[in-house]
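Take a look at the following structure, please.
Rule-based calculations on the coordinates, nothing more; no lab input. Quick caveat, the model's predicted, so the values are computed rather than measured. Virtual Cβ from ideal backbone geometry, glycine too; neighbours counted across all protein chains shown.
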Amino acid sequence: MRKPIVVVGSINLDFVASADHVPLPGETLTGRDFATFYGGKGANQAVAIARLGHPVSMIAKVGDDSFGPTLKRALREAGVDVGPVAAARGSSGVALINIGRDGHNSIVVIPGANGKVQPADITKNTALLRRAGMLLAQLEIPLETVETLSVFAHRHDIPLMLDPAPARELPSGLLRNIAWITPNENETRILCGLNANENVSSATAARCAEMLLARGPKNVIIKMAEQGSYLATATGLREMAPAFRVKAVDTTAAGDAFNAGFAVGILSGKQPLDAARYAAAVAAISVTRPGAQPSMPSAREVAKFLALPANRSIAGRPFTARPKATP
Ligand code: RIB
């Protein structure tokens, strides 16, 4: 029997405004469209895992406002075990998202109930956590909760994948307990002390991955959107994995889709490069659709995508500098 994945993370309602471009500081824009979607990095990863057909549970909190029950129901209907999702006093998590015509975005997250996921929620759920094949976390819940989870993961030898988003400095004790750390370009700049506008090339990614490995995580994946992802593993792999060429309409949650796909790939026995290719396909499909959770593809859709002649041709080949649009 496949061991479940347990996601400890955030659940948000996303308020999404689409405009020609993401507004600049001080700019007022007339937008094109407004929509709400189910989101939150943790919940997006859990939903993506469920759609890919892998058993998944979520440890999280929603508010006792009108959004709370709806957010929880959406997760349940997507196939996520929400037994450990509790209601906390106050508002649910929300995210305000601006999307430009090119599909790129900027996000402000108000944690609400996500800020109330406590270390006690880890100790309360140890029976569930102990059965997990992999644990997934992000940084939209309190850091001390993620640290407690990491100690548990280390003690029980269960791989922890940390999506360090939103980015912040991370304590060395936490870094040492991580099996996979998966920063995107922006998070890589912050974790590696680069300038805010510095381009993250494959060479920069290689350098930052070594810096991160030296601080403790066993494996590093730097998610570089249309450039692909750079993998540096404990087994000595140093490789760019390709991204797929698609037309993006909304890149929200592409990183979440990638993490879910990678976790499912690894737990189904794929080697890291193959798991990265699978993850890139999950992410590529997600950016062709609007919204966070609604954009996550099923296992069948991913298989169909990977079987397309255009996508088969890059199967298993090392990354080359082929220009790509998304994810
Ligand atoms: O990663 C995308 C997610 O970030 C959005 O769904 C939003 O809720 C924020 O958490």
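Condition check ((1) of a type in the set (Gly, Ala, Ser); (2) surrounded by fewer than 19 Cβ atoms within 10 Å (Cβ to Cβ); (3) within 20 Å of LEU139 (Cα to Cα); (4) out of contact with any Pro (no Cβ under 6 Å at 6 or more places or on another chain)) across all residues:
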position	(1), (2), (3), (4)
GLY40	yes, no, yes, yes
GLN45	no, no, yes, yes
GLY53	yes, yes, no, yes
ILE59	no, no, yes, no
ASP64	no, yes, no, yes
GLU77	no, yes, no, yes
GLY93	yes, no, yes, no
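Just a yes or no: is a residue in the range 269-277 within 16 Å of the ligand (Cβ to nearest atom) and either under 22 Å from VAL56 (Cβ atoms) or surrounded by 20 or more Cβ atoms within 10 Å (Cβ to Cβ) (or both)? Walk me through it before giving the result.
Step one: list which residues in the range 269-277 are within 16 Å of the ligand (Cβ to nearest atom), which gives none.
Checked the range 269-277: no residue is within 16 Å of the ligand (Cβ to nearest atom) and either under 22 Å from VAL56 (Cβ atoms) or surrounded by 20 or more Cβ atoms within 10 Å (Cβ to Cβ) (or both).
Then there is this: If the Cβ limit is 9 Å and pairs must be 6+ apart or interchain, which residue in the range 24-47 that is on the phi < 0 side of the Ramachandran plot and assigned to a helix (DSSP H, G or I) pairs with which residue that is away from the ligand (no atom under 16 Å from the Cβ) and among the basic types (Lys, Arg)?
none
Ok, one more. Please name all residue pairs, on different chains or six or more residues apart, with Cβ atoms under 6 Å, provided the first residue is in the range 241-256 and is closer than 24 Å to ASP14 by Cα and the second residue is within 10 Å of the ligand (Cβ to nearest atom) and in a loop (DSSP other than H, G, I, E, B).
Cβ pairs passing all conditions: THR252/ALA292; ALA253/ALA292.
Next question. With respect to ILE285, is the statement that it is farther than 19 Å from LEU136 by Cβ and among the β-branched types (Val, Ile, Thr) true?
On the way: farther than 19 Å from LEU136 by Cβ: yes; among the β-branched types (Val, Ile, Thr): yes.
Yes.
Of the residues that sit in the range 164-202 and are under 26 Å from THR148 (Cα atoms) and in contact (Cβ under 8 Å) with a residue 60 or more places away in the chain, which one is surrounded by the most Cβ atoms within 10 Å (Cβ to Cβ)?
Top of the filtered list is THR182.
Among the listed residues VAL117, VAL94, which satisfies the condition of being of a type in the set (Val, Ile, Thr) and more than 28 Å from VAL151 (Cβ to Cβ)? Don't jump to the end; show me each part of the working.
Details: VAL117 fails: more than 28 Å from VAL151 (Cβ to Cβ).
The unique qualifying residue is VAL94.
Related question: Check GLN118 against each of (1) in contact with a Ser or Thr (Cβ under 7 Å, 6 or more places away or on another chain); (2) surrounded by 20 or more Cβ atoms within 10 Å (Cβ to Cβ) and name the one condition it does not meet.
With respect to (1) in contact with a Ser or Thr (Cβ under 7 Å, 6 or more places away or on another chain); (2) surrounded by 20 or more Cβ atoms within 10 Å (Cβ to Cβ), GLN118 is out only on (2).
Also: Which one of the conditions (1) of a type in the set (A, V, I, L, M); (2) within 15 Å of the ligand (Cβ to nearest atom); (3) closer than 22 Å to LEU129 by Cβ does ALA35 fail to meet, given that it meets all the rest?
Just one mismatch for ALA35, condition (3).
Report the residue count in the range 54-105 for those that are more than 16 Å from the ligand (Cβ to nearest atom), hydroxyl-bearing (Ser, Thr, Tyr) and in a loop (DSSP other than H, G, I, E, B).
Going through the range 54-105 one residue at a time, the tally reaches 1.
What are the pairs, 6+ residues apart or on separate chains, where a residue within the range 114-128 that is in contact (Cβ under 8 Å) with a residue 12 or more places away in the chain has its Cβ under 7 Å from a residue that is polar (S, T, N, Q) and in a loop (DSSP other than H, G, I, E, B)?
Final answer for the pair search is ASN114/SER10.
Residue-by-condition table, conditions (1) over 15 Å from ASN259 (Cα atoms); (2) more than 9 Å from the ligand (Cβ to nearest atom):
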position: VAL8; (1), (2): no, yes
position: ASP14; (1), (2): yes, no
position: HIS21; (1), (2): yes, yes
position: LEU29; (1), (2): yes, yes
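Here's another thing I want to ask about it. Please give the number of the condition GLY100 fails out of (1) of a type in the set (Gly, Ala, Ser); (2) over 18 Å from the mean Cα position of the chain (by Cα); (3) over 30 Å from GLY31 (Cβ atoms).
Every listed condition holds for GLY100 apart from (3).
Okay, next question. Within the range 235-251, identify whether any single residue is within 15 Å of the ligand (Cβ to nearest atom) and not hydrophobic (A, V, I, L, M, F, W, C), and answer yes or no.
Scanning the range 235-251 turns up at least one residue that is within 15 Å of the ligand (Cβ to nearest atom) and not hydrophobic (A, V, I, L, M, F, W, C).
Also: Can you find, within the range 137-157, the residue that is surrounded by the most Cβ atoms within 10 Å (Cβ to Cβ) among those that are acidic (Asp, Glu) and in a loop (DSSP other than H, G, I, E, B)? First the steps, then the outcome.
Applying the first criterion (acidic (Asp, Glu)) to the range 137-157 yields 140, 144, 147, 157.
Now restrict to residues that are in a loop (DSSP other than H, G, I, E, B): 140, 157.
Working: GLU140: 25, ASP157: 7.
Of everything passing the filter in the range 137-157, GLU140 is surrounded by the most Cβ atoms within 10 Å (Cβ to Cβ).
Taking the conditions exactly as written (crowded, with 17+ Cβ neighbours inside 10 Å and either closer than 22 Å to PHE262 by Cα or of a type in the set (A, V, I, L, M) (or both)), does ALA87 satisfy them or not?
Numbers: crowded, with 17+ Cβ neighbours inside 10 Å: no; either closer than 22 Å to PHE262 by Cα or of a type in the set (A, V, I, L, M) (or both): yes.
So ALA87 fails the test.
In addition: From the list VAL62, VAL16, VAL6, which one is more than 22 Å from LEU267 (Cβ to Cβ) and touching a residue at least 60 places away in the same chain (Cβ under 8 Å)?
Values: VAL62 fails: touching a residue at least 60 places away in the same chain (Cβ under 8 Å); VAL6 fails: more than 22 Å from LEU267 (Cβ to Cβ).
Within the list VAL62, VAL16, VAL6, the selection yields VAL16.
A follow-up question, please. What is the number of the single condition among (1) within 16 Å of the ligand (Cβ to nearest atom); (2) without any contact (Cβ under 8 Å) to a residue 24 or more places away in the chain that VAL109 does not meet?
Only one criterion in (1) within 16 Å of the ligand (Cβ to nearest atom); (2) without any contact (Cβ under 8 Å) to a residue 24 or more places away in the chain is unmet by VAL109, namely (2).
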